[in-house]
Amino acid sequence: MPPTDESTDAGTARATRADRGPGPAVRASTGSDPGASTDCEDTLDLRLSEELIALFAGDTGSRDGTEEGAAYGIPAGFPEGAAYGIPADPPEGAPDGDDLLDRVGGWGPATTPAGVFHLVPVRAGRDLALVHRWMNDPAVAEFWELAGPETVVEEHLLRQLDGDGRSVPCLGVLDGTPMSYWEIYRADLDPLARHYPARPHDTGVHLLIGGVADRGRGLGSTLLRAVADQVLDKRPACARVVAEPDLRNTPSVSAFLSGGFRFSAEVDLPGKRAALMIRDRALRDLL
């Protein structure tokens, strides 16, 4: 069962939508699909009614998102967008207004000590091969458990892409190079909420660093801090960012601690014992 954190520094029906291309793109670690076995747990085990979605989303005000490329988190004309080959047209199905995660794809760049960073929502047709390669790295596969043929990763991604928007799979693009995989998700709407005292709009993160050369040098901590701060900046209703790395994944737990998260508790989740990590809005300037 994949983690909601993953190997930050340790070493996260077929496609029919047009943006997936002709080819056949993380599973949060605590969800459960009533029709699936416990090792295929997923954040998307529940369909929300439109009324509930509207209730949870709330009225957070208007957002621009007008520039082409905003749906990818990279403004039009931004050099990193060109380096990654971001197309001019937003993906089919991009949200037109508020959604459960306040338009992750439109959050824009984060300036970090490591470079300019963007969260770019996954497109299966473009990104499946890359995410599949990362998931088959032994250091990643040990915790995400998504190694195997492309169809394994594809199904995991499509469960999110075809869901109600409570979990958004993204590539982390650093100075124009995709180098990490993220899942930004509504922890309060996730089965994780059964295992800790969740609060409305709690937002969860999963992360894996793709390249071996990027691991073990503090990059995970730097990006975790940047992304958590983006969540708190872009989601005013969210008071906490949470994660639940596997307790066995000591480098990942350390990365969260160095990234401004605090250890809250040990929790027993389906398939693992986890460290509940929290970054509080009220403490963000102290940690």
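The values are calculated or read from the model by the stated rules, or taken from the named source; none is laboratory data. From a predicted model like this one, the values you see are computed outputs, not experimental measurements. Glycine gets a Cβ as well: all are built from the backbone with ideal geometry, and neighbour counts include every protein chain shown.
Tell me, please, whether a residue that is of a type in the set (D, E) and part of a strand (DSSP E or B) can be found in region 174-187. Checked against the condition, which is being of a type in the set (D, E) and part of a strand (DSSP E or B), region 174-187 yields at least one hit.
Considering region 191-274, the qualifying strands (runs of 3 or more DSSP E), each wholly inside and each with 1 or more residues that are under 18 Å from the mean Cα position of the chain (by Cα), run over 203-209, 240-243.
Results for (1) among the small types (G, A, S); (2) at pLDDT below 95; (3) in contact with a Leu (Cβ under 7 Å, 6 or more places away or on another chain), shown as yes or no for each residue.
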| site | (1), (2), (3) |
| --- | --- |
| A237 | yes, no, no |
| A243 | yes, no, no |
| L257 | no, no, no |
| G260 | yes, no, yes |
| E266 | no, no, yes |
| A274 | yes, no, yes |
| L286 | no, yes, no |
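Scanning region 275-287 for residues that are over 14 Å from A187 (Cβ atoms) and outside any loop (DSSP other than H, G, I, E, B) yields A275, R281, A282, L283. Comparison of L192, L247, L208, L223 shows that the only residue that is surrounded by 24 or more Cβ atoms within 10 Å (Cβ to Cβ), under 21 Å from P138 (Cα atoms) and of a type in the set (A, V, I, L, M, F, W, C) is L208.
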